[in-house]
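I have placed the structure first, in the form of structure tokens, so that the comments after it can refer back to it.
The values are calculated or read from the model by the stated rules, or taken from the named source; none is laboratory data. Computed from a prediction, not measured in an experiment: that's the story for all the values here. Here the Cβ is made from the backbone with ideal geometry for all residues, glycine too, and neighbour counts use every protein chain on show.
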Amino acid sequence: RINGPVRARHHASLHQSNPKLVTRNPKLPTAYCLLHAAYCPRNRPLPETVYSRLHLLTFKTQMADDIAQRLARVQERISKAAVRAGRSSSQITLVAVTKTFDAATVQRAVDAGARDLGENRVQEALTKIDSVRADGLRWHLIGHLQSNKAKHAVSSFDVIHSVDSLPLVERLERLSGETGRRPQVLVQVDLGNEPSKTGASEDSVSDIVEALNKAVHLDFKGLMTMPPYFDQPEQTRPYFVRLRELLVRLNQQLPPERKLTELSMGMSHDFEIAIEEGATIVRVGTAIFGARTAPGAATGADT
């Protein structure tokens, strides 16, 4: 233990030795003072390497705290949106979108309670899937799936949100049969007609649904969409309404045992609107992990 006057004396010595470090960390933990007392009983400066390691440790701890706090805030917002819609938050799955963030950062979110993780690119996901550890993890592929990546997708992901063509259905069905896996799949529907985004047109959805209903090795669960981005989240509501209404129409043509239950829609800036319109899966990245800085971070299926 270290008493107040001794802590104050060593804090002052730290400030004199390395004012930039103390300025960046105004609430230095007692560990700094303890180490300073152990290394420098006569108030000699700590070695610069020790300062660097302590600062890195503090930065990582703060990052983990930030992720945990942001995750908790998102979960609270989900609960409030569910209440407004007369629903239970237990009906809504939060997918933490991890694209461009390294495995250590993803592990912090997992340690804070995240269990459903979303990736845009198969190749980027593979190293994280091997590195991130916790019981009950489910990996979601939410980006466009190229046919040459389908084998890895089937073997590594629990849920594939981006099925958008008959050839892809046929390939996933064959590969799932060969590997003995049965991933859940959603049909991605293009409601915004944006050249930069993929998805099946509304006119072609029925044929894809028919093929999936005949599939033995795929667990067809519902629909996914990515509306255009608007500065005002309320402007995304009509797209969410359209996807929900499409699900209702499809279910009218399906037998009870094949009813579709999942609507994957809503991202960091509009997931509350999506929940109000029936989303069962929301895909949230920036609101949990913070802004992305990696190349291409502003594009894709998630924020």
Report summary line: Within the stretch 226-263, the residues that are among the hydroxyl-bearing types (Ser, Thr, Tyr) and in a helix (DSSP H, G or I) are THR236, TYR239
Query raised in the report: How many residues does the stretch 230-243 contain that are under 19 Å from LYS259 (Cα atoms) and either touching a strand residue (DSSP E or B) at 6+ places or on another chain (Cβ under 6 Å) or free of Cβ contacts under 8 Å to residues at least 24 places away in the same chain (or both)?
Result: 1
Query raised in the report: Among strands (runs of 3 or more DSSP E) lying entirely in the stretch 91-149, which contain 3 or more residues that are farther than 13 Å from GLY285 by Cα and of a type in the set (Asp, Glu)?
Result: none
Requested in this report: Using the structure shown, decide if VAL216 is out of contact with any Phe, Trp or Tyr (no Cβ under 9 Å at 6 or more places or on another chain) and assigned to a loop (DSSP other than H, G, I, E, B).
Outcome: yes
Query raised in the report: Does the stretch 142-153 hold any residues that are in contact with a Lys or Arg (Cβ under 6 Å, 6 or more places away or on another chain) and hydrophobic (A, V, I, L, M, F, W, C), and which are they?
Result: ILE142, ALA150
**Report entry** Hits in the stretch 95-109 (condition: surrounded by 21 or more Cβ atoms within 10 Å (Cβ to Cβ) and either free of Cβ contacts under 8 Å to residues at least 24 places away in the same chain or of a type outside the set (Lys, Arg) (or both))
**Finding:** VAL95, ALA96, VAL97, THR98, PHE101, VAL106, ALA109
Report task. Restricting attention to the stretch 186-229, report how many residues are surrounded by fewer than 16 Cβ atoms within 10 Å (Cβ to Cβ) and touching a strand residue (DSSP E or B) at 6+ places or on another chain (Cβ under 6 Å). Result -> 1
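The rows are residues; the columns are (1) at positive phi; (2) touching a helix residue (DSSP H, G or I) at 6+ places or on another chain (Cβ under 6 Å); (3) aromatic (Phe, Trp, Tyr); (4) at pLDDT below 95.
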residue: PRO238; (1), (2), (3), (4): no, no, no, no
residue: ARG244; (1), (2), (3), (4): no, no, no, no
residue: VAL248; (1), (2), (3), (4): no, no, no, no
residue: ASN251; (1), (2), (3), (4): no, no, no, no
residue: LEU254; (1), (2), (3), (4): no, no, no, yes
residue: GLU257; (1), (2), (3), (4): no, no, no, yes
residue: GLU272; (1), (2), (3), (4): no, yes, no, no
residue: GLY278; (1), (2), (3), (4): yes, yes, no, no
residue: VAL284; (1), (2), (3), (4): no, yes, no, no
Report task. Could you please let me know if ASP207 is closer than 24 Å to LEU94 by Cβ and at pLDDT 95 or above? Result -> no
**Report entry** Single residue of the stretch 150-175 satisfying the filter (more than 15 Å from the chain's Cα centre (by Cα) and part of a strand (DSSP E or B)) that is farthest from SER204 (Cα to Cα)
**Finding:** SER162
Requested in this report: Return only the number of the condition from (1) without any contact (Cβ under 8 Å) to a residue 40 or more places away in the chain; (2) in contact with an Asp or Glu (Cβ under 9 Å, 6 or more places away or on another chain) that ALA150 does not satisfy.
Outcome: (2)
Query raised in the report: Among the residues of the stretch 130-181, which ones are of a type in the set (Val, Ile, Thr), surrounded by 16 or more Cβ atoms within 10 Å (Cβ to Cβ) and touching a helix residue (DSSP H, G or I) at 6+ places or on another chain (Cβ under 8 Å)?
Result: VAL132, VAL154, ILE160, VAL163, VAL169
